[in-house]
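Enquirer: Mind having a look at this structure? Questions to follow.
The values are calculated or read from the model by the stated rules, or taken from the named source; none is laboratory data. As the structure is a prediction and not an experimental result, all values here were calculated from the model. Note: ideal-geometry Cβ built from the backbone for every residue, glycine included; neighbour counts use all protein chains shown. The area values use the complete protein model at the heavy-atom level, side chains included, leaving out ligands, DNA and RNA. Shrake-Rupley method; radii C 1.70, N 1.55, O 1.52, S 1.80 Å.
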Amino acid sequence: MATWLAERRLAQNAARLTELRHELAQIEEQCAVVDSEADDHALRALVSETPLAEFDAADARRHASALDRHRLHLVDEIAELERRQDELLDRIAAASR
C-alpha cells in the first residue's frame, strides 16, 4: 500500500474514532440516566404491585438493555478502529525505513 494511501486512511480512521468516542461519551451518560430510571420503575412496580407498573418497569428495563447493547457495539467498533490504526501506523513506519 502506498504511503499516501495509508496516511489518508489513517486520517479517515482518526476522524471516525473521534466521532465514535464522542458518541460513546454521550451514550454512557444516557445509560446512567436510563438505568436509574429503570431502577425507579422497578421499585414502583414492587411497591404498587399493579400490572401497569410492572409493564412500565419491564419497558424501562428493555430500553436500558437496548442502550447498553448499543454502547457495547460502540466499544467493539472503537477497538476495531484502534486495531486498524495500529496496522496503518506499522505500514507507514515500515515504508519509511
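Enquirer: What do you reckon, is Leu74 on the phi < 0 side of the Ramachandran plot, surrounded by 12 or more Cβ atoms within 10 Å (Cβ to Cβ), in contact with a helix residue (DSSP H, G or I) (Cβ under 6 Å, 6 or more places away or on another chain) and modelled with pLDDT of 95 or more? Quick ask: steps written out before the conclusion?
Expert: Working: on the phi < 0 side of the Ramachandran plot: yes; surrounded by 12 or more Cβ atoms within 10 Å (Cβ to Cβ): yes; in contact with a helix residue (DSSP H, G or I) (Cβ under 6 Å, 6 or more places away or on another chain): yes; modelled with pLDDT of 95 or more: yes.
It is true that Leu74 is on the phi < 0 side of the Ramachandran plot, surrounded by 12 or more Cβ atoms within 10 Å (Cβ to Cβ), in contact with a helix residue (DSSP H, G or I) (Cβ under 6 Å, 6 or more places away or on another chain) and modelled with pLDDT of 95 or more.
Enquirer: Quick test for you: out of Ala57, Ala38, Ala53, pick the one residue that is surrounded by 15 or more Cβ atoms within 10 Å (Cβ to Cβ), farther than 15 Å from Leu89 by Cβ and in contact (Cβ under 8 Å) with a residue 24 or more places away in the chain.
Expert: Values: Ala57 fails: in contact (Cβ under 8 Å) with a residue 24 or more places away in the chain; Ala53 fails: in contact (Cβ under 8 Å) with a residue 24 or more places away in the chain.
Going through Ala57, Ala38, Ala53 in turn, the sole match is Ala38.
Enquirer: Could you say whether any residue in the stretch 1-22 is outside any helix (DSSP H, G or I), of a type in the set (A, V, I, L, M) and open to solvent by 60 Å² or more (accessible area, probe 1.4 Å)? Can you show your working first?
Expert: First, pick out the residues of the stretch 1-22 that are outside any helix (DSSP H, G or I): 1-2.
Going one step further and asking which of them are of a type in the set (A, V, I, L, M), we end up with 1-2.
From what is left, the residues that are open to solvent by 60 Å² or more (accessible area, probe 1.4 Å) are 1.
Within the stretch 1-22, one or more residues are outside any helix (DSSP H, G or I), of a type in the set (A, V, I, L, M) and open to solvent by 60 Å² or more (accessible area, probe 1.4 Å).
Enquirer: Give Arg61, Arg71 a once-over and let me know the one that is touching a Cys at 6+ places or on another chain (Cβ under 8 Å) and among the charged types (D, E, K, R). Even if it seems obvious, please write down each step before you answer.
Expert: Details: Arg61 fails: touching a Cys at 6+ places or on another chain (Cβ under 8 Å).
From the options Arg61, Arg71, the qualifying one is Arg71.
Enquirer: Residue check: is Glu80 on the phi > 0 side of the Ramachandran plot and of a type in the set (Asp, Glu)? Show your work before the answer.
Expert: Numbers: on the phi > 0 side of the Ramachandran plot: no; of a type in the set (Asp, Glu): yes.
Here the answer is no, as Glu80 does not meet what is asked.
Enquirer: From Ala25, Ala32, which residue is more than 20 Å from Glu80 (Cα to Cα), modelled with pLDDT of 95 or more, part of a helix (DSSP H, G or I) and not polar (S, T, N, Q)?
Expert: Values: Ala25 fails: more than 20 Å from Glu80 (Cα to Cα).
Step by step, each of Ala25, Ala32 is checked, and only Ala32 is more than 20 Å from Glu80 (Cα to Cα), modelled with pLDDT of 95 or more, part of a helix (DSSP H, G or I) and not polar (S, T, N, Q).
Enquirer: Same structure again: For the stretch 24-34, enumerate the residues that are open to solvent by less than 60 Å² (accessible area, probe 1.4 Å) and touching a residue at least 24 places away in the same chain (Cβ under 8 Å).
Expert: Leu24, Ile27, Cys31, Val34
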